[in-house]
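The values are calculated or read from the model by the stated rules, or taken from the named source; none is laboratory data. These figures come from a predicted structure and were not determined experimentally. Quick reminder, even Gly has a Cβ in these numbers, built from the backbone with ideal geometry, and neighbours come from all protein chains shown.
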Amino acid sequence: MTHTPLDPATLAVMGTPNYTHAMVTEGVSKWLNIAGQVGVRQDGSTVDGTLDQCRQAFANIGELLKGAGMTPEDVCHLRIYLTDRNDILALRQARTEFFGADKVLPSTLIMVSGLVDPAWKVELEIMAAR
């Protein structure tokens, strides 16, 4: 299975780190769609601070990937819901920590006024293919 970024010269260059307009995935035998993950630990408590909530949400995704026999390399799309525009750098830091600096993904960042629990600052959804 391969994931190939697709950024035709006829589209704008977005200038966003680790971003691609689309991803062509070939040779897939398994898909995984992960529901929104937030900065909540196994015991149900919410992590403090946006950076740590992002890290926890990615850690939760890592556990789900592992449970499906997959790794972060299999992720082919990321959707992000963020409650504060000022937290984009924290999100990018946690994303780089999880995927590495060279992982390119199509992603969507949606600014929202709030999530289900007012303490939650970020929610992440992914699609993976293997």
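Is there a residue in region 2-17 that is of a type in the set (Gly, Ala, Ser) and either in contact (Cβ under 8 Å) with a residue 40 or more places away in the chain or assigned to a strand (DSSP E or B) (or both)? Walk me through how you get there before you give the answer.
First, the residues of region 2-17 that are of a type in the set (Gly, Ala, Ser): 9, 12, 15.
Restricting the remaining residues to those that are either in contact (Cβ under 8 Å) with a residue 40 or more places away in the chain or assigned to a strand (DSSP E or B) (or both) gives none.
Taking every residue of region 2-17 in turn, none turns out to be of a type in the set (Gly, Ala, Ser) and either in contact (Cβ under 8 Å) with a residue 40 or more places away in the chain or assigned to a strand (DSSP E or B) (or both).
Every residue, every condition in (1) modelled with pLDDT under 95; (2) surrounded by 15 or more Cβ atoms within 10 Å (Cβ to Cβ); (3) farther than 28 Å from Thr4 by Cα, yes or no:
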{"position": "Val24", "(1), (2), (3)": "yes, no, no"}
{"position": "Ser45", "(1), (2), (3)": "no, no, yes"}
{"position": "Cys54", "(1), (2), (3)": "no, yes, no"}
{"position": "Arg85", "(1), (2), (3)": "no, no, yes"}
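Could you tell me whether region 26-47 includes any residue that is in a loop (DSSP other than H, G, I, E, B), within 19 Å of Ala129 (Cα to Cα), free of Cβ contacts under 8 Å to residues at least 60 places away in the same chain and under 16 Å from the mean Cα position of the chain (by Cα)?
Within region 26-47, none of the residues are in a loop (DSSP other than H, G, I, E, B), within 19 Å of Ala129 (Cα to Cα), free of Cβ contacts under 8 Å to residues at least 60 places away in the same chain and under 16 Å from the mean Cα position of the chain (by Cα).
I'd like the residue in region 101-130 that is buried (at least 18 other Cβ atoms within 10 Å of the Cβ) and not in a strand (DSSP E or B) and, out of all such residues, is nearest to the chain's Cα centre (by Cα).
Only one residue fits best here, namely Pro106.
Here's the yes/no breakdown for (1) of a type in the set (D, E, K, R); (2) surrounded by fewer than 21 Cβ atoms within 10 Å (Cβ to Cβ); (3) part of a strand (DSSP E or B); (4) modelled with pLDDT under 95:
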residue: Ala57; (1), (2), (3), (4): no, no, no, no
residue: Gly62; (1), (2), (3), (4): no, yes, no, no
residue: Leu78; (1), (2), (3), (4): no, no, yes, no
residue: Leu89; (1), (2), (3), (4): no, yes, no, no
